[in-house]
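S.K.: Before I ask anything, let me first share the structure, which is written out below as C-alpha cells.
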Amino acid sequence: MTNKIGQILLDLGYVKESDIDKAIEIQKTEGGKRRLGEILNDMIIKEEELLHALSLQFNIPIISENEFPQAMPLEKISFNFLKENLMLPISVSDNTINVAIGDPLRNEAIDSLRISYGYNINLFLARSSAILEHLNVLHGSRDAVMQRLIEDATEEEKAVSGTAEDIGHLKDLAQEKGVIQIVNMVIDKAVKERASDIHIEPAENNVRVRYRVDGILYEKEIMPVRMQSAVSSRIKLLSQMNIAERRLPQDGRIRGKFGGKDIDIRVSTIPTIYGESIVMRLLDRDTYFLSLPEIGFDDLLIDRYEALIKRPYGMILITGPTGSGKTTTLYASLDRINSSEKKVITIEEPVEYLMPGINQIQVRPKIGLTFASGLRHIVRQDPDVIMVGEVRDLETAGISIHAALTGHLIFSTLHTNDAPGAITRLMDMGVENYLVSSTLIGVMAQRLVRKICPACKERYPATDEIRAEFRADVQEIWKGKGCDSCMGTGYRGRMAIFELLIVDDVIRELVMKNATVLDIKEKAISLGMRTLRQDGIEKIKNGITTVDEVMRVTQLGL
C-alpha cells in the first residue's frame, strides 16, 4: 500500500524517485509512525496533490468545499470525534449518509459512524485542513443560533413587555417557540459541556448565563434584560412552580431528555432587585455512582477506610463544604459494603442515585418527613446500616448517636473545614463528649480538585518555590496546556483529596478531656493521619492534579 501511493504520486509527476527514497528513510527513522503520503505532504507535495493521489488509490471521488453543509446534518454527534477522525457529514437522505473524509484509512471510525446511525455511508475525499476548519465553523454556529434566537425572542418581547404582570400573558410568553428553543438550548449546551449547574442571573442591563464545570463558573451567554421575564417564566412552568409568584423563593424539578441524556434538574429561584435569579442543578440519571478508587482513594486510604466501614456499629462522618463530593463518597461507601446479608436504609434530600438492594427515603419537610422524624422510624425497620443525608441539628445528631449505640453502622455528613473539626461541631450542637467518644469511629474530610486533561497534559520541572510552599520533595509537576477536549481550561473532570481521622483510644481520651481542635489534629497527625494538603501533594506527584488546584481548595495547614 505504501509503495502504491508513492508510485501514483510518481506517475502523476508530483514527486521524483529521490523524494520517495528520502521519505522512506524518514519513515524508518520515525519507526513507521507516519504514512508515506503524510511525509511527502510535509516535504514537497501540496495537500491537493495528495488528495488527487488518494482518490485514485482508493477510488473515492473528491468533493468540493463549496458543497460542505451550512449546518450539521446529524444530531447528537461529537465534534471531537469528527475532528479526531477527519470526518465531516455532508448530507443525509433516506438511509444514506454522505461523508467527507481526509484520511480514507480510518476504517474503525467509519464503521463506528455506520453502526451508530444504522445508515449506509457514501465516502468523499476532501482536504483535512478544510474539514477541520469547517467543523470549527459549524461548532461555533451553535452559539450563533443561540444569538439569533435571543434576537428574535427579544423582538417579540418588545411588543408585550408592558403587560408582563398579567399571569395569562406570562404563560403565553413561556410557551413562545423562540423562548422554548432558548431554554432548551441553554440546558442542552450545559449537558454537552458537562456542567453541574446553570446560573441565570438578572442584572440592571442584561441577564447573565453561567455554567459550573468541574467546580468553576464560566460565563456562556448574555441575554437582553427584556428576556428575563420570558425565560424565568418558561423555567418555572417546566418545574411546576407558581409562575405568578416572583417575590418569594421557590423550588421545583424538571425531568426530561437534554443533550441526548435523561436529566433530572433541581431548580431554585430567589428574588433579587433586578428579577429572579435561577440556579438549575443537573443530575444525569444515566450516571452510575463511582467506586472509591474512581473518587480518589489510593490503596493506603482504602485499607484504612475499609477497616472502618466494615465495623458492625458506630458513626462515620463525611465532612466538607457544599459541593465537595460528600454524597458521592457516601454512595461509594455503601456500595462497598452492600450485600444480601445486610439491610441498608438511607434518608436523603434529594435521592441523587438509585442503588439496587437498598431502601432509599426522600425527605419531604412539607408533610413532616424530616431527617429526624424519618430516622426515628428507620431504626424500627431492623436495619444494619443507615445513611442520613446530613446531620443538621441536635435532634438528628441525637437520634443518629442513639442508633450507633444500639448496634447500627451510621453514615452521615457535616459541614466542617477538616476532620477534627467534626468532633467539636457535634459538641457545639449539644452532644455530650462521652457520647461522641463512644460512638464516633471515623471522620473523613474531603475537597474536590480538578484533574489535568489527559489529552493535553505536559510535564514541567518543579520550582524551589513550589517545594518550599508544600514543604515536600516534588521534582516535577504536570499541567494541561488547553485543548478542545477540555475547552481550553487544561482540566477535565474532578476527584477528591481526603483527610481520614480514625477515632481510636488515644483520640477518645482527648475528646473526653474536651481537647481543642488543634490538639486533636496534632495528635492525629502524629498517629499517621494524612492531611488534605498532604493528600493533595501525593496527587500532584502522581500527575493527577496541579499545584494551583491543591492550593485553591486547601487552607494553609490543612
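S.K.: Evaluate E = 1/(1 + (r/R0)^6) for Met512 and Asn184, where r is the Cβ-Cβ distance and R0 equals 51 Å; express this FRET efficiency to the nearest 0.05.
M.R.: So the FRET efficiency works out to roughly 0.30.
S.K.: Now for a different question. Where q = 0.20, 0.21 Å⁻¹, what log10 of I(q)/I(0) comes from the Debye formula for the range 442-508, counting one point per Cα?
M.R.: -0.91, -0.94
S.K.: Measure out, as a whole number of angstrom, how far apart the alpha-carbon centroids of the range 480-558 and the range 366-398 sit.
M.R.: 30 Å
S.K.: Throw me the Rg/Rh for the chain, computed over C-alpha atoms with Kirkwood Rh, two decimals.
M.R.: Numbers: Rg = 29.3 Å, Rh = 27.9 Å.
Ratio value, two decimals: 1.05.
S.K.: Considering Cα pairs under 8 angstrom that are at least six residues apart, work out the relative contact order of the range 412-517 and quote it in whole percent.
M.R.: Working: 150 pairs, mean separation 38.6, N = 106.
With pairs under 8 Å counted, the relative contact order is 36 percent.
S.K.: Now a separate question. Once Rh for the range 350-433 is found with the Kirkwood sum over Cα pairs, what is the Stokes-Einstein diffusion coefficient at 25 °C and 0.890 mPa s, in µm²/s? Don't skip to the answer; put the middle values down first.
M.R.: On the way: Rh = 13.7 Å.
Value of D from the Cα-based Kirkwood radius: 179 µm²/s.
S.K.: Now, a different point. Going by alpha carbons, how many degrees (0 to 90, nearest 10) lie between the helix axis of 177-192 and the longest principal axis of the chain?
M.R.: On a 0 to 90 degree scale, this one is about 80.
S.K.: Taking the Cα of Ile337, stepping 7 Å toward and past its beta carbon, and measuring to each backbone N in the range 376-401: which are under 13 Å?
M.R.: Under cut-off, by backbone N: 383-388.
S.K.: Mind checking the per residue accessible area of the range 371-507 for me, 1.4 Å probe, whole number of Å²?
M.R.: Computed with neighbouring chains in place, this is 42 Å² per residue.
S.K.: Dipole of the range 275-384, Cα-centred, from +1 at each Lys and Arg C-beta and -1 at each Asp and Glu C-beta, to the nearest 20 debye?
M.R.: Magnitude of the dipole: close to 560 debye.
S.K.: For the chain, what relative contact order do you get, as a whole percent, if you take Cα pairs closer than 8 Å and at least 6 residues apart? It would help to have the intermediate numbers written out before the result.
M.R.: Numbers: 931 pairs, mean separation 46.0, N = 558.
Contact order relative to length: 8 percent.
S.K.: Calculate the tail of P(r) for the range 461-558: the fraction of all Cα-Cα distances greater than 18 Å, expressed in %. The partial results should precede the final answer.
M.R.: Values: 2623 of 4753 pairs.
The share of Cα pairs beyond 18 Å in the range 461-558 comes to 55 percent.
S.K.: Under the rule a/c < 1.5 gives rounded, and otherwise a/b versus b/c splits prolate from oblate, where does the range 392-489 land using the Cα gyration tensor?
M.R.: Note, shape of the range 392-489 comes out prolate.
S.K.: List the aspartates and glutamates whose Cα lies under 13 Å from the Cα of Lys479, skipping any in the same chain that are fewer than 8 positions away.
M.R.: Straight-line reach from Lys479, under 13 Å: Glu458, Asp548, Glu549.
S.K.: Under 20 Å Cα to Cα from Lys326, which lysines show up? Leave out anything in the same chain fewer than 8 places away.
M.R.: Once the sequence-local lysines are set aside, what remains near Lys326 is Lys310, Lys451, Lys539.
S.K.: So, one more: Just the accessible area per residue of the range 43-115, please: how many Å² with a 1.4 Å probe?
M.R.: Numbers: 3850 Å² over 73 residues.
I get 53 Å² per residue for this part.
S.K.: Write down the percent of antiparallel bridges among all DSSP beta bridges whose residues are both part of the chain, to the nearest 5.
M.R.: Roughly 65 percent of the DSSP beta bridges within the chain come out antiparallel.
S.K.: Please identify which residues in the range 519-551 have an amide N closer than 16 Å to a label point set 7 Å out from the Cα of Arg304, following the Cα→Cβ vector.
M.R.: 520-539
S.K.: While we're on this one: Counting other Cβ atoms within 10 Å, keep those with at most 15, restrict to DSSP loop, and tell me which trypsin sites (Lys or Arg not before Pro) in the range 502-558 are left.
M.R.: Lys513
S.K.: What do you get for the angle between helix 2-11 and the principal long axis of the chain? Use alpha-carbon atoms, 0 to 90 degrees, nearest ten.
M.R.: 40 degrees
S.K.: Further, regarding this structure: Provide the FRET efficiency to the nearest 0.05 for the Lys33-Ile115 pair, computing r from the beta carbons and using R0 = 25 Å.
M.R.: 0.35
S.K.: What nm distance separates the two modelled labels at Thr272 and Gln57, each placed 7 Å from Cα along Cα→Cβ?
M.R.: About 5.7 nm, to one decimal.
S.K.: Between the alpha-carbon centers of the range 293-311 and the range 174-217, tell me the distance in whole angstrom.
M.R.: 38 Å
S.K.: What does the range 178-337 give for Rg and for Dmax, in Å, if only its C-alpha atoms count?
M.R.: In order Rg, Dmax, the Cα atoms of the range 178-337 give 19.1, 59 Å.
S.K.: Taking all pairs of different Cα atoms in the range 28-75, averaging 1/r and flipping that mean, what Kirkwood radius in angstroms comes out?
M.R.: When all Cα pairs of the range 28-75 are included, the Kirkwood radius is 13.2 Å.
S.K.: Round to a whole angstrom and tell me the spacing of the C-alpha centers of the range 30-46 and the range 54-74.
M.R.: Here the two parts' Cα centres lie 22 Å apart.
S.K.: Given a 1.4 Å probe and the protein chains all in place, what does the accessible area of Glu193 round to, in Å² to the nearest 10?
M.R.: Surface accessible to solvent at Glu193 totals approximately 30 Å².
S.K.: Hey, another quick one. Can you tell me the length gained on complete extension of the stretch Ile44 to Arg255, counting 0.36 nm per residue apart and subtracting the Cα distance?
M.R.: Values: separation 211, 0.36 × 211 = 75.96 nm, distance 5.69 nm.
Contour length minus the Cα-Cα distance gives 70.3 nm.
S.K.: Quick one: work out Rg over Rh on the C-alpha atoms of the range 277-389, Rh as Kirkwood radius.
M.R.: 0.96
S.K.: Also, quick follow-up: Return the inverse of the average 1/r over all pairs of distinct C-alpha atoms in the range 1-127, which is the Kirkwood hydrodynamic radius, in Å to one decimal.
M.R.: Details: mean 1/r = 0.0633 Å⁻¹.
Here the Kirkwood hydrodynamic radius works out to 15.8 Å.
S.K.: Does a label point 7 Å from the Cα of Asn66, set along Cα-to-beta-carbon, have any residues of the range 91-111 with amide nitrogen under 20 Å, and which are they?
M.R.: 91, 99-101
S.K.: Give the accessible surface of the range 215-352 per residue, rounded to a whole number of Å², with probe radius 1.4 Å and ligands, DNA and RNA excluded. Could the numbers behind the result be given before it?
M.R.: Values: 6270 Å² over 138 residues.
Result: 45 Å² per residue.
S.K.: Angle between the Cα long axis of helix 47-58 and the longest principal axis of the chain, 0 to 90 degrees, nearest 10?
M.R.: 90 degrees
S.K.: What does the helix-only formula give at 222 nm for the chain: each DSSP H stretch with n ≥ 4 adding -39500 (n - 2.57), the total divided by the residues, and the result rounded to the nearest 500 deg cm²/dmol?
M.R.: -12500 deg cm²/dmol
The values are calculated or read from the model by the stated rules, or taken from the named source; none is laboratory data. The shown structure was predicted, so the numbers you read here are calculated from the model rather than taken from an experiment. Note that each Cβ is placed from the backbone with ideal geometry, even for glycine, and that neighbours are counted across all protein chains shown. Surface areas here come from the heavy atoms of the whole protein model, side chains and all, with no ligands, DNA or RNA. Shrake-Rupley method; radii C 1.70, N 1.55, O 1.52, S 1.80 Å.
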